[in-house]
Structure formats: structure tokens, C-alpha cells
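Working notes, beginning with the structure itself.
The values are calculated or read from the model by the stated rules, or taken from the named source; none is laboratory data. The model shown is predicted, which means the values in this text are computed figures rather than measured ones. No Cβ is skipped: glycine too gets one built from the backbone with ideal geometry, and neighbour counts run over all protein chains shown. Side chains included, ligands, DNA and RNA excluded: accessible areas come from the protein's heavy atoms. Shrake-Rupley method; radii C 1.70, N 1.55, O 1.52, S 1.80 Å.
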Amino acid sequence: MNIVETQNLKKFFQSKKGTVKAVNGVSLNVIKGETLGIVGESGCGKTTLGRTILKLIKPTSGNIFFDEKHLFDLKLNPRKAKDILDNDGIDPKLRKSFEKNKYGLSADASVSKKGPNSWRIDDDRSTYLVKGEENSMKVYSVKDITDIDDKEMRKHRKKMNIVFQDPVSALNPQMTVYDHLNRPLVIHNMVSSEDEKLRKMVDILNTMGLKAEHLIRYPHELSGGQKQRVCIARALCLEPDFLVLDEPTSALDVSVQSKILKLLDRAKDKFDVSYMFISHNINLVRAISDRLGVMYLGKLVEIGETSDVFQNPKHPYTKGLFKSVPQPDPDKRVKAPLTGEVPSPVNPPKGCAFSPRCPHSKAVCERENPDLIEAYGRKIACHIFGKENF
Amino acid sequence: MKALDNVSLTVKKGEIHGLIGETGCGKSVTSLTTLGLLDNNAIIRGGNILYKGVDLLELKEKTLRKEVRGNEISMIFQNPSTSLNPVYTAGEQIRESIVLYQSNDKEEAQRLVLDELDRVKLPDPEDVYEKYPHELSGGMMQRIMIAMMLACNSNLLIADEPTTALDVSIQAQFLKVLEELKEKENLSILYITHDMAVISEICDVVTVMYGGQIAETANVHDIFNNPRHPYTKGLIHSVPGVKLNIEEFETIPGTVPRLINPPSGCRFHPRCEYAQKICKEKKPSLEHIDKDHFVACYFWEEVK
Ligand SMILES: Nc1ncnc2c1ncn2[C@@H]1O[C@H](COP(=O)(O)OP(=O)(O)OP(=O)(O)O)[C@@H](O)[C@H]1O
Ligand SMILES: Nc1ncnc2c1ncn2[C@@H]1O[C@H](COP(=O)(O)OP(=O)(O)OP(=O)(O)O)[C@@H](O)[C@H]1O
Ligand code: SF4
Ligand SMILES: [Mg+2]
Ligand SMILES: [Mg+2]
């Protein structure tokens, strides 16, 4: 089941020279309890994707679903069910199947197709997703947070949070560490007394390797790493279900980094929180994520089980990226950086955005944009390497 | 609080000198001190900062500003988003450096800005020129900082975590630019980072700091293959490398020392597997153990 799912999510910015398509049709899911790693070139839209999912900025189009719950399996043969959903909308058989499972669909319910194997049903109370999975059709309830207003969103905000890339701008220079932790705890009624609050604050600071004395410090009195730990403490103190970690440890030294990653990893199991982990540190992503998504210029180009993707990267960009990873060994200074110009998000190349830099590019690559399709047990967007019969 | 205690290090001409150490150990304070950019609550109790034989601590703020910062020594700060001015576009901020240190001519300055943006591999230089910091991604801001510093054409560059927000391929290209500058223009660089892989990639010499003091200095090969301070050894071992599981990540036991009330003797002793009685009692001094290898540990001979 998914904690978060996006469908064809887009976020565009207007700039003087045109439209920046920062996130350009991303469909992905974060499964409950997993860590989804996201890697990709600087400026490819990772932070924007994270902020859009959390609705810190308004999506241009697409959908964001939160907190999927499995309700029941459709009591219809999958072929038949597909047919009905594709053509007949709310067919009586479909209605009956819902009723049998005590989920009456109201009269104005409507169906829309969302992907090759997924449909969405809306009625006046809920949003349902119907998904074809191997040989059954499963029905889920989800919260569609795409269009809800800020007030409504505030209720979910406690459940989904983000740790930003840059700890400095995320902290208010006028506020002490105490103030930073106090605000969320009070706003979301997490504590009933000052005593309990202090205990909670000190506890979470301790787990982050900080001490009670840091409560009275201002951001400029903390080192870079200490600041980032305060940011993580602030995000975890609300016990969220979903956390976007945007380069959470890039400001930390390796030893503290390892400690915090272990801690984040344990918090994941303990509090049932799922992560979207954005990082440039490929070795780190490899260790921490269950699945890995690779982005290039606003789109996913490859997504699958982390170990599979590492053992056998398919997309030429993924391959080039892995080859550029520096090794901690002064005797191995071999560099194979990706060559070529980084493409412009305002005027993206025609066809596959990676084609101008791709050593395997063919005519079709410059003509058509490849879809992200299933192959080798993962999803790949490449004309040449994205098909199994190649 | 004693943020720095007896810190001595030398950056030679044309050398890339790596400075590494746990968060809060005083790396940024070291670099800020060099340029006279410390907060008002900082006091310098003693010591010298010699640059080409001149003690920078004796210079007036005005001289530092006019003749040293930018001209001679430039710096990339640790936090791009707070070091860039939010009310000027990226291009305007780089142009300021160009006008100060390279060219007064308006059109030429404009062209040089675009060249710099290109050099740091930003796509659409003209578009980026017009963008305000909040419209840039983390890595783009960092590259603006780098471009500003490169535009100064100075002789010594202090780079405080300059690539934390860059992806590996752009990082590799940036490191190449630095190596070229070192080779062609004999630029000297003090490179502060947590990233051992980056250190191994470009540094000639490495200094390891711990709790406001120097633990070890050596050439990059010795730091990685023959570390003699227990802390350096721990650091090398906690590099993630290719670990497939978070639980395999090694950490150095214990926590970063408090600088307000630091441990007595060797500041590393509470976390050190080699510690003996003397470590608690007396601070070890930085010992010259090999050609360019210095270490502050009583038991360096046992560390393997
Ligand atoms: N203006 C200040 N007032 C009080 N304490 C400060 C101030 N600036 C720095 N410190 C303290 O000095 C110590 C050294 O800080 P510094 O910023 O040099 O660490 P660092 O080694 O650069 O760490 P990081 O890798 O996290 O950036 C830290 O304990 C920090 O809290
Ligand atoms: N508020 C904004 N206005 C205009 N353009 C923006 C804005 N925010 C982001 N962008 C643009 O969107 C693109 C994607 O930016 P984003 O911050 O998502 O990249 P990123 O993948 O997180 O990069 P990095 O690894 O450098 O942090 C960039 O081209 C950036 O300039
Ligand atoms: S001096 Fe003692 S405590 Fe310090 S690093 Fe050496 S052995 Fe460990
Ligand atoms: Mg980002
Ligand atoms: Mg620092």
C-alpha cells in the first residue's frame, strides 16, 4: 500500500525566458514503510517534486494521493472489470461489488482512467482507486490532497513533513532551538504540559546527539551539522507518517552522518514512517533506500528496486551517474564524468531529454520522448535500453 | 568557549589542502578567522595568520576589505542561500565581483559573467543571470557562489563545503576546474569538507581537526593508507563506501566533545580505544613523525 502516490504530477514556473518545467509528469509511489531514494542532476526538479507532493507549492497539474488503504478486492473477473471501468463507468455490477463490501457508491459517482491498470472513482464522500494487480483488481481508498485548500491541508501537514536541503535558511535566526521545537509541538497539540514538552524536546535532541543546553542557542551559535540535526529533530517531533528528506545529511561529517542515518532508519520502523530520500550521495542512497528513482530534467528515467538498479543500471543516464561517483581512495582518481552540456529546463531538447549527451542515441531518440514503461522488473524511459527484447 | 586551540596549518603555493573533521570541530571558524569575518562575540587570544609573510591579524578592517578579501584570498561560504543577497539577481552578484576584480567595462563585464556561469555548467546562462536566489535550486545557488569566487581571480581560495549541494557529475567537473586552476595559475586552495571521497580525489595534503585542535596533518596518501591518529583512523573507517546496509555503517563511538568544557588532556580520549592514563592528564603536542606527517597522539606508533 502506498503512503503517497503521484499521477502525472507537473510543476511549472514562469521565468523571463519562458516556462521552466521543473517537474514534468512524474508518476511515482512511496510504499508504506519504505524509503524511496531520489537521485538526479542538480536542478532536475527533486526539491520541487518534494515540495509539490507536500503541497508547499501548488501543483500545475496531476494528482497527489495520500494514505492509501486497501478496502477489498473487486468481485469481478479482472478482464471484465477492466472493460466495465473503461467503457461503462459505474456499471450496476461494479456498484453491487462495492455494496457487498459495505461501501455504497453514491448516485453521482464517476470513473476516470488514470493509467494502463488504474482507475479512479469519485463520489461525494471519497476517492477510490481501483488497481489491476496481477490477477485481481483491488480497491483502495485514498485522500486526494491535490486540490484541498490550505486549511484542510493543515490537518495533514502534521502527518507529512520535509527536512530541507539547506539547514540555515530553514531556521529563523531570531529564534532559539527551543522556539523552533516549541512551535510545531504547540500548534499540533502534541503535549499537555510544559514539563512533558521539555522532556520531549530534550529526548529528541538527545537522539540527535544534541543536549539540553542547545535549547537556548540561536542558529548562528550552532555549527552547520548541529543546525541540520535541529531541523531533523523538528520534523520528527510530530511523529509524521511521511517525511521528505532533502539532502538531510550533506552538511554532516561521515561519522555523524552514519549515526543519523541509522537513527532515521530505526525511526522508520519504530514510528512507521516512510521516507522520500533525496541525495547526491550515491553510496548513501544505495544503503538507505529500498527503491530508487532516477530523475533527469523533470522526469523519472528509471525507477526500481535499489539493488537491481545498482547491479544492472539500464538507462544511459543512470549508468553515467554511477560512473561519476568518487571513491574514497587517493590511488583511484579515475573520473568519468558525464560529458556534454546540461540541458536547459526552459528549452528542453526534443525527444528524449538525455539524447544530446547520450552515447547510444539513435534517430528515434531525437524525435520522440520515451515513456516510462515496465521492463526488467522496474520502469525505464529509454527507446534503446528500456525494452526487454532489445 | 574555546572554539580553536593552537591551530597551526600551512597551505603552500599551488597546493590543495584538505581540512576535515567532525561537525562543530572548528573548520568554519578557522576559515572565517583567516579572513577577519568572525562574529562580534569572537575574541582572538593569540597567534598569527601569515599570508605571504604579512600577519593578517595586524591589518585594519579597511585594508583587509580593500586589499585582501577577493583580491588575494576569496572564499566560498558553507551556506549558499544565506550568503547570496536575496534582492539581487544571480548575474548582478557575479558582476559585482567582476567589476571589482577584473573589468570595469560594462559590456565586457556582462560577457564575463556569462562566461563564468558557463564555466560552472549552469544551463541557460542568460536565464540564470536574471534569476533571484529563491528561484534557483540548491546546487544552482552553490554554483553561483563558486562563479563569484572564481571571478575574483585571487591567489588563495578557501572553499567551505563548496559541493554539498552538487550532484556527482557536476562535482567532478568542478573539481576538475579547481585542478586546472591549480596547475595553470598556481592557485592554492584550502578545501573544507566532510566528504572523504572528495578529499581523496583532489587534495595533496590533508589536515584533520578534532575538537578545535589539529589531530593530524599528512599527504593524502598517508592519511588514507597510514593514518596515525586514532580519530583519523575512525574517520577513514566510517566512510560509507559501498555498504549495502545502513547497519553496517561504522561510527566512532561517543559524541562530539563540548568546547565549553572540553575533556582534559587529549580531547579525543573519552572515545579512544588506545587511551591510557596520560591521555587524560596531559595534552599531546603535534609531533613530526615523518617527512610531511604530523600527529598529536601519544600512541601513534600503535595505531594501525
Ligand atoms: N558566533 C558563535 N557564537 C557561539 N558559538 C559559535 C559561534 N560560531 C561558531 N560557534 C561554535 O564554534 C564551534 C565550531 O564551529 P564551526 O562552525 O567552526 O564548526 P565546523 O567545524 O565548521 O562544523 P560543520 O562541519 O558542522 O560546519 C561549534 O561548537 C559552534 O557551535
Ligand atoms: N520559485 C521558482 N521560480 C522559478 N524557477 C524555479 C523556482 N524554484 C525552482 N525553480 C527552477 O526549477 C528547476 C528545478 O529546481 P529544483 O530546486 O527542484 O532542483 P533540484 O533537483 O532540487 O536541484 P539541486 O540538486 O541543485 O537541489 C530549476 O531550474 C530551478 O531554477
Ligand atoms: S593521545 Fe591518547 S586519547 Fe588521544 S588519540 Fe592518542 S591514544 Fe587516543
Ligand atoms: Mg534541491
Ligand atoms: Mg562549518
query: For the pairing of chain B with chain A, what total accessible surface becomes buried, with a 1.4 angstrom probe, in square angstrom to the nearest 100?
result: 5400 Å²
- prompt: Hey, rough spin-label estimate for residue B:10 and residue A:347, points 7 angstrom out along Cα→Cβ, what's it come to in nanometres?
  reply: 5.3 nm
- prompt: Under the Karplus relation 6.51 cos²θ - 1.76 cosθ + 1.60, θ = phi - 60°, what is the ordered set of whole-Hz ³J(HN,Hα) values for the stretch A:163-179, x standing for Gly and Pro?
  reply: 10, 7, 4, 10, x, 5, 6, 7, 10, 7, x, 7, 10, 7, 4, 3, 4
- prompt: Using a 1.4 Å probe on protein heavy atoms, which residues of the stretch B:197-212 have at least 40 Å² less accessible area in the complex than alone?
  reply: B:197, B:200, B:201
- line: Taking protein heavy atoms only, a 1.4 Å probe, and rounding to whole percent, the accessible area of chain B owed to carbon and sulfur comes out at 48 percent
- line: Expressed as a percent, the accessible surface of the stretch A:67-144 that is carbon or sulfur, using a 1.4 Å probe and the full set of protein chains, is 45 percent
statement: Between the modelled labels at residue A:199 and residue A:32 (7 Å from Cα along Cα→Cβ) the distance in nm is 3.0 nm
field: Cut-off 17 Å, label 7 Å out along Cα→Cβ of residue B:110, residues of the stretch B:72-96 by amide N
entry: B:89-96
- request: Just the number, please: percent antiparallel of the DSSP beta bridges in chain A, rounded to the nearest 5.
  value: 75 percent
task: Grab the beta carbon distance between residue B:130 and residue A:135, set R0 = 51 Å, and tell me the FRET efficiency rounded to 0.05.
output: 0.40
query: Can you list, largest first and rounded to whole Å, the semi-axes you get for the stretch B:74-153 by taking the square root of 5 times each eigenvalue of its Cα gyration tensor?
result: 18, 14, 11
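With every protein chain present, what is the per residue accessible area of the protein assembly as shown (1.4 Å probe, Å²)?
That works out to 44 Å² for each residue.
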task: Have a look at the stretch A:301-327 and report residues whose accessible surface goes down by 20 Å² or more when the remaining protein chains are included, against the chain on its own, probe 1.4 Å, ligands and DNA/RNA excluded.
output: A:321, A:324, A:326, A:327
statement: Once both label points are put 7 Å beyond Cα along the C-beta direction, the residue A:374-residue A:213 separation in nm becomes 5.8 nm
query: So if R0 is 35 Å, what FRET efficiency would residue B:304 and residue A:262 give, r being the distance between their Cβ atoms, rounded to the nearest 0.05?
result: 0.85
field: Qualifying GluC sites (Glu not before Pro) for the stretch A:132-171 [loop in DSSP, other Cβ within 10 Å: at most 15]
entry: A:134
- request: If a/c stays under 1.5 just call it rounded; otherwise compare a/b with b/c (prolate if a/b is bigger, oblate if not). Do that for the protein assembly as shown, with a ≥ b ≥ c from the square roots of the Cα gyration tensor eigenvalues.
  value: prolate
- prompt: How many angstrom lie between the C-alpha centres of the stretch B:155-227 and the stretch A:14-65?
  reply: 33 Å
Within a Gaussian network of chain B (alpha carbon springs, distance under 10 Å), most fluctuating of B:14, B:234, B:53: B:53
- prompt: Looking at the stretch B:152-187, which residues lose a minimum of 40 Å² of accessible area between their chain alone and all protein chains in place, measuring with a 1.4 Å probe and not counting ligands or nucleic acids?
  reply: B:164, B:167, B:168, B:169, B:172, B:173
222 nm mean residue ellipticity, helices alone, for chain B (DSSP H n ≥ 4; -39,500 (n - 2.57); rounded to 500): -9500 deg cm²/dmol
- prompt: Can you give the net charge of the other residues whose Cβ lies under 13 Å from the Cβ of residue A:17, counting K and R as +1 and D and E as -1?
  reply: -2
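For residue A:164, what is the net charge nearby, where nearby means another residue's Cβ is under 14 Å from its Cβ and Lys, Arg count +1, Asp, Glu -1?
+2
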